[in-house]
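Please read the structure below before turning to the comments.
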Amino acid sequence: MAAGPRDPGCRPAAGARFFCTVGRGLEPFLMQEVRARLEATQVEYISGKVFFTTSSDLNVLKTLKSAERLFLLIKKQFPFNVSSVSKGKMFSEMQTLINDDPESWLNAISIWKSLLELDAEKEKLSQRHANPLKRKLGENDTIIAKKLKTEQMQATQEIGDCPLEKQIEEETLEQGNLLPKRETFQEVFQNGIAKAVNTHNQNGLTFRVSCRCSGTVAKTFTAQEVGRIIGIALMKQFGWKADLRNPNLEIFIHLNDMYSVVGIPVFRVPLASRAYIKTAGLRSTVAWAMASVAEIKAGMFVLDPMCGLGTILLEAAKEWPDVYYVGADVSTSQLLGACDNLKAAGLKDKIELLKVSVIELPLPSESVDIIISDIPFGKKFKLGKDIKSILQEMERWEADTQKD
């Protein structure tokens, strides 16, 4: 797992502190990943979260595979003691998350604002490089549209006034302007980011609070109560405005018996929601972790004999492309879903799919380098005694790589 390339123009402030939420048991995978991909320091974890410091840009941060969501850290402290104080006093203590150290909030907002600005600038730069081709295409379409319009006007003059003339001209002009209209979608999107950046002056900022409470805290307070208290404190301290529908900023708070954590989501879409997976099967983070422990190397033959929607093979092929991947399954619907996923990911030529039972795969002994599979289990699948035959076949196929 190589560290991602660095772009000095899109880095946050040196040493920005982040944390990721992660599935239970996947913390060691993520700790190793942030060190390798992000060159992260001060890496530590608590159950379900990994904290680290990095100066990586947004494009590199997006490459994390074992994380669920990424946050810019504002505060991490010991849990609130809810058993020995009244509810009113507890509310006052929660407000100290903001009031005791407003500087940490302002620093985090400044870093977050810089991340948005740098990402927006990079997006504009990439669009600027792409725009000459778009303008050329647009000019060609406009020339064709004008030519059609001229021909139609000449035909109209020959046959006299036509009541449909205006309609034809309007339709022709709309055809000529079709490409510019498509371009404005990206402009509108970027204008939205620019507007958010411009309104990040303290008085113009809109926000909402997302709370998660567990343990004894959840028995005493609801997430809505905590969100309301924190929201009021933020409005009083910084003059921000609450907006539950379309805020510039989201504040995430998690309170439990082990810690109190406050952060800002870096991306609206979770990292675990892969853009290249059309139909989700096995959790993408789990699939990536399974592939990562297999020690896949270039030129290997990797098999998933019960591939389902192909999530494990997709994650593996994205990370280790120079490998021969084969997936098999007996379910037509699962294979159709896997095929759609391969098309969406652009990996149709990297992974071969077969409709065949796992115990009927026509593979010679010791022909497969690595077998990775999420073996179905439970009442729904009813493998029963077949599991023994399945494991025996897997053992027969797999080559003894230790001999090499």
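The values are calculated or read from the model by the stated rules, or taken from the named source; none is laboratory data. Note that the structure is predicted; figures quoted are calculated from it, not measured. In this analysis, Cβ positions are derived from the backbone assuming ideal geometry, glycine residues included, and neighbour counts consider all displayed protein chains. Protein only, heavy atoms only, side chains kept; ligands, DNA and RNA dropped before computing areas. Shrake-Rupley method; radii C 1.70, N 1.55, O 1.52, S 1.80 Å.
Would you point out the residue of the stretch 233-253, among those that are in a helix (DSSP H, G or I) and without any contact (Cβ under 8 Å) to a residue 60 or more places away in the chain, that is nearest to LEU70 (Cα to Cα)? Walk me through it before giving the result.
Initial filter on the stretch 233-253 (in a helix (DSSP H, G or I)): 233-238.
Filter once more, so that each one left must be without any contact (Cβ under 8 Å) to a residue 60 or more places away in the chain: 235-236.
On the way: MET235: 25, LYS236: 27 Å.
Once the filter is applied, the top-ranked residue is MET235.
Name the pairs: first residue in the stretch 82-104 and in the same structural domain as ASN256 (by the TED database) and open to solvent by less than 70 Å² (accessible area, probe 1.4 Å), second residue modelled with pLDDT under 90 and among the aromatic types (Phe, Trp, Tyr), Cβ to Cβ under 9 Å, at least 6 apart or on different chains?
Listed by first residue and then by second, the contacts come to VAL82/PHE221; MET90/PHE80; MET90/PHE221; PHE91/PHE221; GLU93/PHE80; MET94/PHE80; MET94/PHE221.
Got a sec? Which of ASP329, ASP304 is in contact (Cβ under 8 Å) with a residue 60 or more places away in the chain, surrounded by 15 or more Cβ atoms within 10 Å (Cβ to Cβ) and more than 30 Å from GLY231 (Cα to Cα)? Talk me through it step by step, then tell me what you get.
Values: ASP329 fails: in contact (Cβ under 8 Å) with a residue 60 or more places away in the chain.
Of the residues listed, the single one that is in contact (Cβ under 8 Å) with a residue 60 or more places away in the chain, surrounded by 15 or more Cβ atoms within 10 Å (Cβ to Cβ) and more than 30 Å from GLY231 (Cα to Cα) is ASP304.
Looking only at residues in the stretch 31-51 that are within 25 Å of GLY215 (Cα to Cα) and of a type outside the set (Val, Ile, Thr), which one is surrounded by the most Cβ atoms within 10 Å (Cβ to Cβ)?
Initial filter on the stretch 31-51 (within 25 Å of GLY215 (Cα to Cα)): 44-51.
Remaining after also requiring of a type outside the set (Val, Ile, Thr): 44-45, 47-49, 51.
On the way: GLU44: 12, TYR45: 16, SER47: 11, GLY48: 18, LYS49: 23, PHE51: 21.
Within the stretch 31-51, the match that is surrounded by the most Cβ atoms within 10 Å (Cβ to Cβ) is LYS49.
Being within 26 Å of the chain's Cα centre (by Cα) and at positive phi is the filter here, so list the residues in the stretch 329-381 that pass it.
Listed by number, the list holds a single entry, GLY346.
Could you tell me which numbered condition PHE252 fails, if it satisfies all but one of (1) open to solvent by 10 Å² or more (accessible area, probe 1.4 Å); (2) at pLDDT 95 or above; (3) touching a helix residue (DSSP H, G or I) at 6+ places or on another chain (Cβ under 9 Å)?
The single condition PHE252 does not satisfy is (3).
Looking at LYS236, LYS195, LYS241, can you tell me which residue is at pLDDT 90 or above and more than 30 Å from SER86 (Cβ to Cβ)? Walk me through how you get there before you give the answer.
Values: LYS236 fails: more than 30 Å from SER86 (Cβ to Cβ); LYS195 fails: at pLDDT 90 or above.
Sole residue among the options that is at pLDDT 90 or above and more than 30 Å from SER86 (Cβ to Cβ): LYS241.
Tell me whether the stretch 44-61 contains one or more residues that are touching a helix residue (DSSP H, G or I) at 6+ places or on another chain (Cβ under 8 Å), of a type in the set (S, T, N, Q), part of a loop (DSSP other than H, G, I, E, B) and over 19 Å from TYR259 (Cα atoms).
Yes, the stretch 44-61 contains a residue that is touching a helix residue (DSSP H, G or I) at 6+ places or on another chain (Cβ under 8 Å), of a type in the set (S, T, N, Q), part of a loop (DSSP other than H, G, I, E, B) and over 19 Å from TYR259 (Cα atoms).
Just give me the residues in the stretch 210-232 being assigned to a helix (DSSP H, G or I) and basic (Lys, Arg), in sequence order.
So the first thing to find is which residues in the stretch 210-232 are assigned to a helix (DSSP H, G or I), and the list is 216-220, 223-232.
Correct list: LYS219, ARG228.
Restricting to the stretch 273-295, count the residues that are open to solvent by less than 50 Å² (accessible area, probe 1.4 Å), touching a Gly at 6+ places or on another chain (Cβ under 6 Å) and not in a helix (DSSP H, G or I).
Residues meeting the conditions: 1.
Pull out all pairs, ordered by first then second residue, where Cβ-Cβ is under 8 Å, the residues are six or more apart or on different chains, the first lies in the stretch 210-225 and is assigned by the TED database to the domain that holds TYR259 and on the phi > 0 side of the Ramachandran plot, and the second is outside any helix (DSSP H, G or I) and open to solvent by 30 Å² or more (accessible area, probe 1.4 Å).
Pairs that qualify, where the first residue is assigned by the TED database to the domain that holds TYR259 and on the phi > 0 side of the Ramachandran plot and the partner is outside any helix (DSSP H, G or I) and open to solvent by 30 Å² or more (accessible area, probe 1.4 Å), are GLY215/PRO79; GLY215/ASP257; GLY215/MET258.
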